[in-house]
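Report on one structure; see the data block that follows.
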Amino acid sequence: MEKGDSYAIVDLNICDKDSEKADSPDTLKKIPLTTVIKIQRDRGERDYIGFATLPEQVHRKSVKRGFDFTLMVVGESGLGKSTLINSLFLGDLYKNRKISDVQDRIEKTTTIEKKTMEIEERGVKLRLTIVDTPGFGDAINCEDSWRVCSAYVDEQFRQYFTDESGLNRRHMQDNRVHCCLYFVPPWAHSLRQVDLEMMRRLHRKVNIVVVIAKADSLTAAEVKRLKTRILNDLDEYQIQVYQFPECDSDEDEEFKQQDRELKAAAPFAVVASDTVLEIGGKRVRGRQYPWGIVDVENPRHSDFTKLRTMLISTHMQDLKDVTQDVHYENFRAQCISQISQHAMRERGKLKRDSMGNNTDVVFTDTDRLLLQKDEEGYRGIRHSTYARHVNSNATKTESFR
């Protein structure tokens, strides 16, 4: 056999009825025969079916349609949320923002502020929606600050469920919150009560990524100590933040090393800046201090590049997948369960009306089976939501010890 040749194996049943030797035992033992037929094809002929181009077809269709991503930022005023968003996406989303005075903050309430921008990079279009929460943690009484954020996430799930259940689903718009950047102040020794309460209300609805703001105000030892305390608090109060998926075995070593560095860096201690400075003939984003310059993209100064890599380059699609497969499925299962229970109550009411008030309603075996299946399906989805992320918090905590 020569290199580059193609071959086909053909099974043939050969039995010559006219031959006198056809009935002999030696001949019958050789039937059926497997004959290897050598077929040498022309070099120009295609030697594949064609389904290998499916990824290219999906890629072209996805690029033509564009992508959606919704990011919620939560944290009190003054932690650099707007500056970080501008640094991440190289834009200016908050040109006309007004800073409220002290009198307004006495009765300050949390509100929702949405901003959408279209970004195009190398022919790929991204419709980015930033959901800001001005007023969070700014009032004297912050016990209800979480309600507005939780209600907004639920409302987006409800709207998507309504659109998905409608007749026209061709132009559905995905406004579900795919990620929540939760900002922790650098002066906190650990997670505060308002932080714990907020994350407890959101961690089963959205992917939470904890960010330590203004990390340039802490030393390296203080950053490491604060990260350890945050991880311990998350583990103690059983709060599920976003967990990085495991790398596939066929990934190259460089990608695996990058994944290990991202996992070890969480929660991310970041420094952001809108100011462009010149260092050694190179223009960088940074902050000027009397003792020197903080380069936001220098990994020794900040986890900004790791956060940007995780959020945009490597895990944006996984954030969307977890939102679809875990958080939205939880919400959808709950809605279907409520609809089923309501239908059962209405069916029981109709039976009572038809049978009169003297006889108790009797559920048939079919009714009981349907109700049981609905409850089992709902419990099964809830119990399996975080199966792919169960041990990551413990792993992170051990890495800092």
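So the values come out like this:
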| item | result |
| --- | --- |
| Qualifying residue in segment 314-330 (condition: under 30 Å from ALA213 (Cβ atoms), open to solvent by 30 Å² or more (accessible area, probe 1.4 Å) and modelled with pLDDT under 90) | yes |
| Residues being in a strand (DSSP E or B), within 30 Å of the chain's Cα centre (by Cα) and of a type in the set (Phe, Trp, Tyr) - total across segment 287-306 | 0 |
| Meets criteria (under 30 Å from LEU277 (Cβ atoms), open to solvent by less than 30 Å² (accessible area, probe 1.4 Å) and either at pLDDT below 70 or part of a loop (DSSP other than H, G, I, E, B) (or both)) for GLY91 | yes |
| Scope segment 96-118; condition modelled with pLDDT under 65 and part of a loop (DSSP other than H, G, I, E, B); matching residues | ASN96, ARG97, LYS98, ILE99, SER100, ASP101, GLU107, LYS108 |
| Residues of segment 48-75 classified as buried (at least 20 other Cβ atoms within 10 Å of the Cβ) and part of a loop (DSSP other than H, G, I, E, B), total | 1 |
| Subset tally (residues that are under 30 Å from HIS189 (Cβ atoms), open to solvent by less than 70 Å² (accessible area, probe 1.4 Å) and of a type in the set (Lys, Arg)) for segment 225-257 | 1 |
| Matching residues, segment 179-215, being more than 21 Å from GLY80 (Cα to Cα) and open to solvent by less than 10 Å² (accessible area, probe 1.4 Å) | LEU202, VAL206 |
| Matching residues in segment 272-286 - criterion: being open to solvent by 80 Å² or more (accessible area, probe 1.4 Å) and part of a strand (DSSP E or B) | GLU278, LYS282, ARG283 |
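The values are calculated or read from the model by the stated rules, or taken from the named source; none is laboratory data. Note that the coordinates shown come from a computational prediction; the quantities given were computed from them, not determined experimentally. Please note: Cβ atoms are built from the backbone with ideal geometry, for glycine as well, and neighbour counts cover all protein chains shown. Heads up: the accessible areas ignore ligands, DNA and RNA and are worked out on the full protein's heavy atoms, side chains in. Shrake-Rupley method; radii C 1.70, N 1.55, O 1.52, S 1.80 Å.
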